[in-house]
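The values are calculated or read from the model by the stated rules, or taken from the named source; none is laboratory data. Please read all numbers here as calculations on a predicted model, not as lab measurements. Virtual Cβ from ideal backbone geometry, glycine too; neighbours counted across all protein chains shown.
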Amino acid sequence: MKNENLFKKIIIVISILVPILVAILLFMPTKISFFGINPKILPHFNAIINSLTSILLFVAFIMIKLKNIRLHKIFMMTSFILGSIFLVSYIIYHSSVESAVYLGDNRAFYLFFLITHISLSIIVVPFVLFAFYFSLSNQIKKHKKIVKYTFPIWLYVSISGVIVYLMISPYYV
């Protein structure tokens, strides 16, 4: 129980700090450079990661429906790792260059996906962390209960990230 309270506190702190860190780095007046990385390739890299995450989440869902827990765990862990890599890449990109501005005709459509993507990406962080914690600590009932919400939100965030990328990509400088 003591460890569980510690892990819950850690998850809550991470869930609060991640969006704050991202917001600070996004809106910094001065952009920074990271180890000679060309940040212009990162949106394309991020879209690939989001695409792979979407596919892996869906396959993991199929695996659990087929009661293949081993493969489900592998696909979910890979999705989690990809999501972590995405977050680091996203932070590097947005702290290195100014954000692109969407200039297309479907601005309302774009803004809908952008706003829902960003909002749900903030909301899904604690859900994902708790889902993984419950799974790793073998609290399967709690895991099943939370993933009913986590899976569709995480899948939407991954897919909408690709949609936002496809819409904004012509406007990258």
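Quick check on segment 121-128. Is at least one of its residues under 13 Å from F80 (Cβ atoms), of a type outside the set (V, I, T) and touching a residue at least 12 places away in the same chain (Cβ under 8 Å)?
Scanning segment 121-128, I find at least one residue that is under 13 Å from F80 (Cβ atoms), of a type outside the set (V, I, T) and touching a residue at least 12 places away in the same chain (Cβ under 8 Å), so the answer is yes.
Within the bounds of segment 33-43, is there any residue that is under 14 Å from the mean Cα position of the chain (by Cα) and without any contact (Cβ under 8 Å) to a residue 40 or more places away in the chain?
No, segment 33-43 contains no residue that is under 14 Å from the mean Cα position of the chain (by Cα) and without any contact (Cβ under 8 Å) to a residue 40 or more places away in the chain.
Restricting to segment 118-171, and then to whatever is surrounded by 14 or more Cβ atoms within 10 Å (Cβ to Cβ) and hydroxyl-bearing (S, T, Y), can you tell me which residue is nearest to V18 (Cα to Cα)?
Ranking the qualifying residues of segment 118-171, first place goes to S121.
Let's see how each residue does on (1) part of a helix (DSSP H, G or I); (2) free of Cβ contacts under 8 Å to residues at least 24 places away in the same chain:
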| position | (1), (2) |
| --- | --- |
| N50 | yes, no |
| V59 | yes, yes |
| M76 | yes, no |
| L82 | yes, no |
| A100 | no, no |
| Y110 | yes, no |
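Return yes or no: is V164 outside any helix (DSSP H, G or I), more than 30 Å from K8 (Cβ to Cβ) and not basic (K, R)?
It is false that V164 is outside any helix (DSSP H, G or I), more than 30 Å from K8 (Cβ to Cβ) and not basic (K, R).
If you scan segment 2-32, which residues turn out to be within 27 Å of I163 (Cα to Cα) and free of Cβ contacts under 8 Å to residues at least 40 places away in the same chain?
I16, L17, I20, A23, I24, F27
With respect to I49, is the statement that it is among the aliphatic types (A, V, I, L, M), more than 25 Å from L120 (Cα to Cα) and surrounded by 12 or more Cβ atoms within 10 Å (Cβ to Cβ) true?
no
When you check I91 against the structure, is it in a helix (DSSP H, G or I), under 22 Å from I10 (Cβ atoms), at pLDDT 95 or above and of a type in the set (V, I, T), yes or no?
no
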